[in-house]
Amino acid sequence: MLNLENIRNIAYLEPQNSFSEMAADEFCSKYNLNCFKTPLTTIKQIVEYTAQNPDTVGVLPIENTLDGTVRESFDSLMNCQNPDIKIISELIMPVEYCLLSKTTEFYSITGLIATPRLIGKCQEFIKNEFPMNLNIIESPTMLESARELSNHNLTFASIGNRKIAQNCMLNILKENIHDDKDNSTRYALIGNLKTEPAGNDKTTIAFKADNTPGALLKILNIFLENQINMTYISSQPSKTEPNEYIFIVNFDGHIKTPNMQKAIEEIKPKTSYFKFLGSYGCI
């Protein structure tokens, strides 16, 4: 359970019309939030802004199926000066790109305006669906690509997401035109709020194991002994000592349940660093 009635602002990673803003919209819809949206330049800024404003929650990209863990998000959470800032919810958003245009006629398209990155992500579609003499114009961002359509005739299209189509009043000619159909990003909602067990909870912790033989194995065995299902583990350099790593672990259950509290009490003495990053549900 999560009470967000006092939240007036939600911070996310710019630019506007990005997948991060779409994730913010999803969180707002799920929790019936009618609040101001603040785009910020970096993940660290989102965490700091959320920590300094009690009426604010923040949206962080945590993991992408192609690129893996977003290290900056976990670094910023672990280094946050406000110990009460935790992950309070999460969602998984498919990374889906569409072909957008002012026209409704796909087969009239002879030109494409898009960023080089998105052209690379949609190679198969461009190769198989467009004529060989397709006129390609490169643009720096998705939004600028969409806006540039107003300077060209109806034979041009751009690559963007559904939010850009909606805000720029463009037609979606083709959906899911990207090559990697299974690509998705996991987003976390962070804030200074308490969560209660809901039955489908997940908990995230970060720790450094003692630098002794079998130290990590001893910690992982604690999950097994307490019948806790560990669903994810990753490591990243601690940035303080060479060959020293911080482990980030997700497991099923809420921190307030008895077996979870027992496990945490057993884990802490076996670590040189420990931080609870949140217990939360996935919407």
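The values are calculated or read from the model by the stated rules, or taken from the named source; none is laboratory data. Keep in mind the model is a prediction, meaning the values are calculated, not measured. Backbone-built Cβ (ideal geometry, glycine too); neighbour counts: all protein chains shown.
Being under 30 Å from Asn135 (Cβ atoms), modelled with pLDDT of 95 or more and buried (at least 17 other Cβ atoms within 10 Å of the Cβ) holds for only one residue in Leu173, Leu189, and it is Leu173.
To keep it simple, each residue is scored yes or no on (1) touching a residue at least 24 places away in the same chain (Cβ under 8 Å); (2) in the same structural domain as Leu118 (by TED's automatic domain parsing); (3) over 20 Å from Leu4 (Cα atoms); (4) touching a Leu at 6+ places or on another chain (Cβ under 9 Å).
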residue: Asn34; (1), (2), (3), (4): no, no, no, no
residue: Leu40; (1), (2), (3), (4): yes, no, yes, yes
residue: Ile46; (1), (2), (3), (4): yes, no, no, yes
residue: Ala51; (1), (2), (3), (4): yes, no, no, no
residue: Thr56; (1), (2), (3), (4): yes, no, no, no
residue: Asn64; (1), (2), (3), (4): yes, no, yes, no
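Screening Ile62, Ile87, Ile92 for residues that are in contact with a strand residue (DSSP E or B) (Cβ under 6 Å, 6 or more places away or on another chain) and surrounded by fewer than 17 Cβ atoms within 10 Å (Cβ to Cβ) leaves exactly one candidate, Ile92.
For the range 126-146, the set of residues classified as under 23 Å from Val95 (Cα atoms), more than 26 Å from the chain's Cα centre (by Cα) and not aliphatic (A, V, I, L, M) consists of Lys127, Asn128, Glu129, Phe130, Glu138, listed by residue number.
Which numbered condition trips up Glu129, out of (1) of a type in the set (Asp, Glu); (2) over 13 Å from Lys102 (Cβ atoms); (3) in contact with a strand residue (DSSP E or B) (Cβ under 7 Å, 6 or more places away or on another chain)? Looking at each condition in turn, Glu129 falls short on (3).
Every residue, every condition in (1) under 23 Å from Ala24 (Cα atoms); (2) among the hydrophobic types (A, V, I, L, M, F, W, C), yes or no:
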site	(1), (2)
Ala114	no, yes
Pro131	no, no
Met142	yes, yes
Ala146	yes, yes
Leu154	no, yes
Ile164	yes, yes
Cys168	yes, yes
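Could you tell me whether the range 205-224 includes any residue that is crowded, with 18+ Cβ neighbours inside 10 Å, of a type in the set (Ser, Thr, Tyr) and either touching a strand residue (DSSP E or B) at 6+ places or on another chain (Cβ under 8 Å) or closer than 21 Å to Lys275 by Cβ (or both)? No, every residue in the range 205-224 fails to be crowded, with 18+ Cβ neighbours inside 10 Å, of a type in the set (Ser, Thr, Tyr) and either touching a strand residue (DSSP E or B) at 6+ places or on another chain (Cβ under 8 Å) or closer than 21 Å to Lys275 by Cβ (or both). Elements of the type strands (runs of 3 or more DSSP E) sitting completely within the range 1-109 and holding at least 2 residues that are touching a Lys or Arg at 6+ places or on another chain (Cβ under 9 Å): these cover 9-13, 56-64, 86-94, 98-101. Set side by side, the residues Ala215, Ala209, Ala157, Ala165 differ, and just one is at pLDDT 95 or above, over 25 Å from the mean Cα position of the chain (by Cα) and not polar (S, T, N, Q), which is Ala157.
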